[in-house]
Amino acid sequence: MDLKPGSRLKSSVCETELIVVKAPSGDVDIRCGGAPMGDPANVETNGEVAGDAAGGTALGKRYVNDDESLEVLCTKPGAGSLAVDGTPLGLKEAKPLPASD
């Protein structure tokens with residue numbers, strides 16, 4: 001799937017919905033709960049979350065891949081965990097603020 005910033009995605013096995021914040025060029029295989037994600041207008045939720053992909057997603061959290069070329073924002077939480085090209089996405093850590101001393 002070719003992703004662009006602002007694209008919306010929906011899981012086909014749980015309630016998870018995302019907005020793409022940053023996307024790499026080229027095709028990306030993004031999955032939630034072990035199943036491919038798609039356009040919310042065309043995806044029906046059916047099936048079950050795979051046992052090894054049941055870590056869940058949290059509302060308002062940003063998820064990134066290892067090199068941070070892909071960043072997504074969770075707009076609706078669900079039971080499935082996120083992965084891109086077979087590699088799990090991790091939570092994006094907040095940047096520390098500078099000291100005000």
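The values are calculated or read from the model by the stated rules, or taken from the named source; none is laboratory data. Keep in mind that this is a model prediction, so the values were computed, not measured. Cβ: placed from backbone, ideal geometry, glycine included. Neighbour counts: every protein chain shown.
May I ask you to list the residues in the stretch 1-22 that are within 11 Å of Cys74 (Cβ to Cβ) and either out of contact with any strand residue (DSSP E or B) (no Cβ under 6 Å at 6 or more places or on another chain) or charged (D, E, K, R) (or both)? Listed by number, the residues that qualify are Glu15, Glu17.
Out of all the residues in the stretch 52-65, is one or more among the hydrophobic types (A, V, I, L, M, F, W, C) and closer than 17 Å to Leu3 by Cβ? Taking every residue of the stretch 52-65 in turn, at least one turns out to be among the hydrophobic types (A, V, I, L, M, F, W, C) and closer than 17 Å to Leu3 by Cβ. The set of residues in the stretch 43-61 that are modelled with pLDDT of 90 or more and surrounded by fewer than 19 Cβ atoms within 10 Å (Cβ to Cβ) comprises Gly55, Gly56, Ala58, Leu59, Gly60, Lys61. Looking at the stretch 50-101, the strands (runs of 3 or more DSSP E) lying wholly inside it that each contain 3 or more residues that are within 11 Å of Thr16 (Cβ to Cβ) sit at 71-76.
Only residues that are farther than 22 Å from Pro5 by Cβ and not small (Gly, Ala, Ser) were counted in the stretch 66-101, giving 4.
The residues of the stretch 20-35 that are under 17 Å from Ser81 (Cα atoms) and loosely packed, with under 15 Cβ neighbours inside 10 Å amount to a single one, Asp29. Might you check whether a residue that is under 15 Å from Arg8 (Cβ atoms) and among the hydroxyl-bearing types (Ser, Thr, Tyr) occurs anywhere in the stretch 77-99? No.
Meeting the requirement of 3 or more residues that are touching a Pro at 6+ places or on another chain (Cβ under 9 Å), the strands (runs of 3 or more DSSP E) wholly within the stretch 1-48 are 8-10, 17-22.
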